[in-house]
Amino acid sequence: MSDKRAIGPDILRGIAILLVMSWHMPWTEYPPLFQHIKDFGWLGVDIFFVLSGYLIGTELLKPVQAGQMPDLRVFYLKRAFRILPVFWLILALYALFPVLRERESLSPLWRYLTFTLNFGLNAKTFGTFTHAWSLCVEEHFYLILPALVVILRRFRMPWPAISLAAAVLVGGMVLRHHIWSVWHATGGDGVAFFTRFYYPSYNRLDGLLIGVGMAAFRLFYSAAWARLASPLFTLPLAVLCLGLTGYMNQINGVMLGETGSIIFYPLFSLGIAALLATLLETERHMQPVRWSGLGYIAAISYSLYLSHKIVIHLDDQFLPKAWMTGWGQIVIYYVTSIVAATVLHFTVERSFMRIRNRVLAHMKKPSQFSRTALNSIPSE
């Protein structure tokens, strides 16, 4: 873990990807302790949403806090180099080599390329590379938030932004309850729950919204943040929120009940945001975590997220069946996935990060015309 990276977000990012991997493991007999972790694995994506909201919100709002316009060219260039190369590579592997597919059918390629996979996705019919749905939500977020920041920064008062955030939060709760009611009235089919309720972007804005709100509060109200972000307040709040959502999960699982359809996502997201605030405020005490390996898992988490289903599928297909039991099976899944993601991270991700840095450095250099014009200004 680099000294330049904040420890708190990396701790949550590392935990999130390990949870997601547990959720995607084949449904076989696992030791009871791991099975209990696996039952909660789907929550890893919601941790990612809160982190993304906080980090992207901070990146876009920091210039605004300084009285400047965020540079959207730089923002989108950085996002493109960060997201697209590995995503396109994994998509090409799935399309060209059917042996890598964890299920029989792959959704049409245009749905991946346009980031519309998460609308109307039937995972029973098209069960391969379905975890790209969360990347679609992220891409929609990258399109919408910068536009909102540019518009809302024109207002001197914070109330338009606060009112919009409240409307999105409450509107999402009302919409989810309506969709849940229709789904429940039509038979409560499991596949339909994911298609109508779980995947669409408009149902999954809570974590992103709360993450952005946390970033805005920390930047624009630093004095209030210093008072309220004390672990004496944020840690009990995190325990309370996550405890309540854990209770809901134990009753209904990923298929939420009526109350859960309204408050589960915002309540869980608030708990993760409170936990993140606790970690940020105790950063100086978290230095030993740099040696735990969790920071490394966080650093390769994007490659790990995209590739781990391929690796788990190949493990299951080609390794001796005698190995694929108990804790040995779990260790094999995690180790092979981390090794594959390491190769992907260093050969693809980091290569394109270097290209990105060169492009950004070139963009910052004044053009020849600008240098000539600058040199023609007489000195005083």
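The values are calculated or read from the model by the stated rules, or taken from the named source; none is laboratory data. Quantities reported herein were computed from a predicted structural model and do not represent experimental measurements. Using ideal geometry, Cβ is built from the backbone for each residue, glycine included, and neighbour counts are taken over all protein chains shown.
Here are some notes:
- Sole residue being more than 19 Å from the chain's Cα centre (by Cα) and aromatic (Phe, Trp, Tyr), chosen from Trp159, Trp88: Trp159
- Single unsatisfied condition, Ala95 versus (1) surrounded by fewer than 18 Cβ atoms within 10 Å (Cβ to Cβ); (2) within 17 Å of Tyr305 (Cβ to Cβ): (2)
- Hits in the stretch 295-339 - residues which are at pLDDT 95 or above, over 21 Å from Trp88 (Cα atoms) and polar (S, T, N, Q): Thr336
- Those helices (runs of 4 or more DSSP H) of the stretch 198-290 in which at least 3 residues are within 16 Å of the chain's Cα centre (by Cα), considering only elements entirely within it, cover 206-220, 258-281.
- Where helices (runs of 4 or more DSSP H) fall entirely within the stretch 1-78, those with at least 1 residues that are over 21 Å from Leu209 (Cβ atoms) are at 7-24, 32-39.
- Cβ-Cβ under 7 Å pairs, at least 6 apart or on other chains, the stretch 282-294 side on the phi < 0 side of the Ramachandran plot and modelled with pLDDT of 80 or more, far side surrounded by 11 or more Cβ atoms within 10 Å (Cβ to Cβ) and of a type outside the set (Gly, Ala, Ser): Thr282/Pro231; Glu283/Ile7; Leu294/Asp10; Leu294/Ile11
- Evaluated against (1) acidic (Asp, Glu); (2) crowded, with 17+ Cβ neighbours inside 10 Å; (3) more than 24 Å from Trp42 (Cα to Cα), Asp71 falls short on exactly one condition, (2).
- Sub-7 Å Cβ pairs linking a first residue in the stretch 31-56 that is in contact (Cβ under 8 Å) with a residue 24 or more places away in the chain and farther than 15 Å from Ile15 by Cα to a second residue that is surrounded by fewer than 17 Cβ atoms within 10 Å (Cβ to Cβ) and small (Gly, Ala, Ser), at least 6 apart or interchain, are Pro31/Gly326, ordered by first then second residue.
- Screening Ala167 on (1) closer than 20 Å to Ile210 by Cβ; (2) small (Gly, Ala, Ser); (3) surrounded by 12 or more Cβ atoms within 10 Å (Cβ to Cβ) shows it passes everything except condition (3).
- Cβ pairs under 9 Å, 6+ apart, first in the stretch 119-136 and at positive phi and of a type in the set (Gly, Ala, Ser), second buried (at least 18 other Cβ atoms within 10 Å of the Cβ) and in a loop (DSSP other than H, G, I, E, B): Gly120/Tyr199; Gly120/Pro200
- Considering residues of the stretch 327-350 that are in contact (Cβ under 8 Å) with a residue 24 or more places away in the chain and among the polar types (S, T, N, Q) only, the residue surrounded by the most Cβ atoms within 10 Å (Cβ to Cβ): Ser337
- Flag if Ile210 is in contact with a Lys or Arg (Cβ under 8 Å, 6 or more places away or on another chain), β-branched (Val, Ile, Thr) and touching a residue at least 60 places away in the same chain (Cβ under 8 Å): no
- Count of the stretch 180-202 residues which are under 14 Å from Phe119 (Cα atoms) and not hydroxyl-bearing (Ser, Thr, Tyr): 7
- Scope the stretch 193-206; condition surrounded by fewer than 16 Cβ atoms within 10 Å (Cβ to Cβ) and under 16 Å from Gly257 (Cα atoms); matching residues: none
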